[in-house]
Amino acid sequence: MPIHEKSLIRPENLQTHDELILDGVDVSGHWSTFIETRVVKDYNESLEEEIAALPGGEQIHRCWQCGSCTNSCTVNALNPDFNPRYWIYLIRMGMESELLRDKDIIWQCVSCNKCTYACPRDVFPEGVMKATSHWLELKGHTPKSPSMHFDEVFTEQIVKTGKIEESRTIRRFFARTGQGLMQPWMIEMVKRMLRGLPVGLLARMGLATFVAPKTNDWSKASAAIQEYIDEQHEKQAQALTLAELVETAKQDVAA
Amino acid sequence: MTTKDKYKKVAYYPGCALEGTGHSYNRSTKAVGKKLGLDLVEVKNWNCCGAMEVKNIDPKIQTYLSSRVMSTAANEMDMDVVMAPCNGCYHNLKKAEYDLKNDEESAEVVDRLSKKAGHKTYEAGQVETIHALDWIKDSIGEEGLAARVKNSLSGIKVANYYGCMYTRPRHIFPEKDQGPGSESTSKPHFMDDLLAAAGAENVDFPLKTACCGGAHTLSDSDTSTKLVLNILKAAKLSGADVIATECPTCHSGLEMHQIRAEKTLGEKVDIKILYFTQLLGMALGLSPRKVGVHENINDSIAFLKEKGLG
Ligand code: SF4
Ligand code: SF4
Ligand code: SF4
Ligand code: SF4
């Protein structure tokens with residue numbers, strides 16, 4: 001399989017003249033192709049450090065740009081613009097505005113870890129993808145992705161009860177992302193489920209929506225985890241120089 | 001004690017999925033264990049290991065959650081082996097083991113949280129985490145299994161689907177890729193071996209460890225549907241009647257998006273999806289009901305009857 005490379009020349013920056021004669025030579029069409037000059041000035045010199053400060057991004061500095069991650073990537077096979085190697089390159093170069101052009105697809109990483117398996121430098125590109133989408137949200141470049149909503153709903157339930165009850169998690173997720181639960185394929189699925197399920201199990205599933213399963217004596221663990229999460233959030237905000245913002249927000253709330 | 005004996009009595013960590021959508025996996029795993037004379041002792045008052053979601057909020061919380069399960073097995077139940085049939089749980093416990101051994105900061109956070117939560121801190125090495133595949137393969141083995149087969153699976157063509165989390169990333173599975181007898185991370189074969197011993201005909205299936213997009217099954221359903229469709233079609237092209245699964249998330253992902261592909265893309269792929277424990281159970285003489293075939297979303301009852309298993 002070839003290494004999927006990414007052209008750094010964008011089609012809109014290529015110019016050709018349909019009819020052009022220079023010094024008596026006909027250079028019409030592609031003979032006159034040239035690339036518009038482009039100067040990048042808006043580097044974010046601390047971009048790499050900011051990503052490295054978020055969970056998963058720690059090893060980004062090791063990357064030597066071999067492209068194995070992109071070459072093995074599940075999502076790249078569906079969408080060639082999904083290019084972990086390229087994003088790692090941009091981050092290390094501090095080219096924030098270039099990175100932002102792809103801001104709406106980075107969260108689509110499916111965490112299959114094919115990249116991690118292929119990477120010869122233990123960069124853990126999967127982690128870098130997570131850190132990057134996290135960074136985009138923390139910096140306000142993107143709204144919370146559906147995936148982040150899901151992770152939050154899921155984690156909240158575990159922190160609270162120690163266990164996950166799927167139908168509850170699904171309902172909360174749909175509610176939080178403003179989607180209707182009654183999608184035709186969902187209805188079809190439930191129909192097929194009902195066909196085979198014994199009454200006892202149905203009753204249990206129904207019950208589970210009222211009495212969530214939980215781990216006993218969970219409250220101390222719950223408090224400890226919550227405390228740790230809050231502590232980490234504070235640290236991350238500082239690393240991203242968002243601390244001031246957080247302070248202002250806090251005062252805002254207090255006022 | 002040989003591996004074989006050590007796995008005859010293990011701490012069983014079903015995980016949340018097996019109490020919900022993966023109910024038939026739970027039922028069939030227990031039924032097969034019983035039939036084979038293997039003892040499953042459920043981990044007391046277990047908690048969720050964090051699935052794929054918690055690590056995105058904070059990886060160390062995931063490590064803590066998994067460590068609590070192992071701590072209970074080791075310190076409160078005095079067990080040496082934890083068996084997890086769910087790829088997610090299996091993966092997370094292995095990952096926690098790796099991190100606690102290799103990353104001081106993780107160990108420190110886990111210790112702090114365990115103390116606050118009021119239980120003993122899990123120390124790396126106290127238990128060995130295995131998958132349901134290791135459990136049967138190493139305690140009973142192919143020959144032992146073949147000797148117990150009542151209804152051979154002969155005539156059933158199977159594509160074995162292992163998904164992502166069973167082999168990746170490889171550094172958390174130090175026992176794999178260790179030569180003959182060990183599991184391979186690039187071409188896993190434990191499920192193939194067991195089903196072959198039960199008489200099934202395994203097809204050459206190139207997408208054994210492809211990803212079904214389970215992480216975004218609801219948050220980016222279109223991607224998941226496309227990925228699942230690839231898997232279903234490849235299995236069909238390889239000549240399989242059945243995709244055998246060994247993870248509740250993979251299994252329900254395939255089932256869900258098989259329907260979604262039909263409803264949203266008009267692509268219907270007629271292939272059965274069964275847990276490997278359901279196939280093994282039936283080979284050992286259990287009825288389809290006993291292994292929860294009626295609880296699957298995809299309907300394979302008529303097919304199984306036709307193959308002499310119903
Ligand atoms: S983990 Fe994400 S980036 Fe890595 S191969 Fe899978 S989809 Fe691509
Ligand atoms: S595989 Fe690793 S080293 Fe190679 S480009 Fe990707 S992250 Fe960098
Ligand atoms: S990770 Fe999945 S299977 Fe494991 S305990 Fe949590 S929800 Fe259950
Ligand atoms: S195949 Fe799908 S469900 Fe199974 S481990 Fe991979 S992402 Fe998860």
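Table for the structure above
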item	result
Table column - 3J(HN,Hα) (Hz), the stretch B:32-44, Karplus curve with 6.51, -1.76, 1.60, x for Gly and Pro	5, x, 4, 4, 8, x, 9, 9, 10, 10, 5, 4, 5
At least 20 Å² of accessible area lost relative to the chain alone, listed for the stretch B:11-52 with a 1.4 Å probe	B:Cys16, B:Glu19, B:Thr21, B:His23, B:Asn45, B:Trp46, B:Asn47, B:Cys48
Contact order relative to length of chain B, as percent, for alpha carbon pairs under 8 angstrom and 6 or more apart	20 percent
Long-range HN-HN contacts of B:Thr129 with modeled amide H, under 5 Å	B:Val82
Dipole in debye (nearest 20) - the stretch A:47-143, about Cα centre, beta carbon charges: Lys, Arg +1; Asp, Glu -1	240 debye
³J(HN,Hα), Karplus 6.51/-1.76/1.60, whole Hz, each residue of the stretch A:219-233, x for Gly, Pro	4, 5, 4, 4, 4, 5, 5, 4, 4, 5, 4, 4, 4, 5, 4
Cut-off under 5 Å, modelled amide H: who pairs with B:Ile273 long-range	B:Ile243
At least 20 Å² accessible surface lost relative to isolated chain, residues of the stretch A:131-158 (1.4 Å probe)	A:His134, A:Ser147, A:Phe150, A:Asp151, A:Phe154, A:Thr155, A:Ile158
Cα-based convex hull, the protein assembly as shown, per residue volume (Å³, whole number)	186 Å³
Longest to shortest principal axis, alpha-carbon extents of chain B, angstrom	56, 45, 35
Average accessible surface area per residue within the protein assembly as shown, 1.4 Å rolling probe, Å²	44 Å²
Dipole of the stretch A:47-143, positive end: most advanced residue of A:His134, A:Pro55, A:Asn83 [Cβ charges, Cα centre]	A:Asn83
Residues of type aspartates and glutamates that B:Lys208 reaches as a straight line, Cα spacing below 18 Å, ignoring anything fewer than 8 places off in the same chain	B:Asp134, B:Asp177, B:Glu183, B:Asp192, B:Asp193, B:Asp241, B:Glu246, B:Glu255
Chain B, dipole about Cα centre (Lys/Arg Cβ +1, Asp/Glu Cβ -1), debye to the nearest 20	720 debye
Convex hull volume of the stretch B:49-95 per residue (C-alpha atoms, cubic angstrom)	56 Å³
Buried solvent-accessible surface, both chains (A, B), 1.4 Å probe, Å² to nearest 100	5400 Å²
With eigenvalues of the C-alpha gyration tensor scaled by 5 and rooted, the stretch B:132-248, Å	25, 19, 11
Residues whose placed amide H lies under 5 Å from that of B:Gly199, excluding near-sequence neighbours	B:Leu153
Rg [Å, one decimal], Dmax [Å, integer] - the stretch B:3-130, C-alpha atoms	14.3, 44
Gap separating the Cα centres of the stretch A:46-101 and the stretch B:260-310, nearest whole Å	42 Å
Under the Karplus curve 6.51 cos²θ - 1.76 cosθ + 1.60, θ = phi - 60°, whole-Hz ³J(HN,Hα) for the stretch B:138-145, x wherever Gly or Pro sits	8, 8, 10, x, 5, 5, x, 5
Calculated [θ] (222 nm, deg cm²/dmol) that DSSP helices of n ≥ 4 give over the protein assembly as shown, each run adding -39,500 (n - 2.57)	-14000 deg cm²/dmol
Carbon + sulfur, % of accessible area of the protein assembly as shown - ligands and nucleic acids excluded, 1.4 Å	53 percent
Minimum 20 Å² accessible area buried by the other protein chains, the stretch B:155-186 residues, probe 1.4 Å, relative to alone	B:Arg168, B:Pro169, B:Arg170, B:His171
Point-charge dipole on Cβ atoms (K/R +1, D/E -1) for the protein assembly as shown, about Cα centre, debye to 20	2660 debye
Diffusion constant of the stretch B:158-198 at 37 °C, which comes from Stokes-Einstein with the Kirkwood Cα-pair radius and 0.692 mPa s, µm²/s	302 µm²/s
Alpha-carbon Rg with Dmax, taken over the stretch A:47-143, Å	11.8, 33
For the protein assembly as shown, share of DSSP beta bridges that run antiparallel, in % to the nearest 5	20 percent
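The values are calculated or read from the model by the stated rules, or taken from the named source; none is laboratory data. The shown structure was predicted, so the numbers you read here are calculated from the model rather than taken from an experiment. For neighbour counting, all protein chains shown are included, and Cβ atoms are generated from backbone atoms with ideal geometry for every residue, glycine included. Note: areas computed on protein heavy atoms with side chains; ligands, DNA, RNA excluded. Shrake-Rupley method; radii C 1.70, N 1.55, O 1.52, S 1.80 Å.
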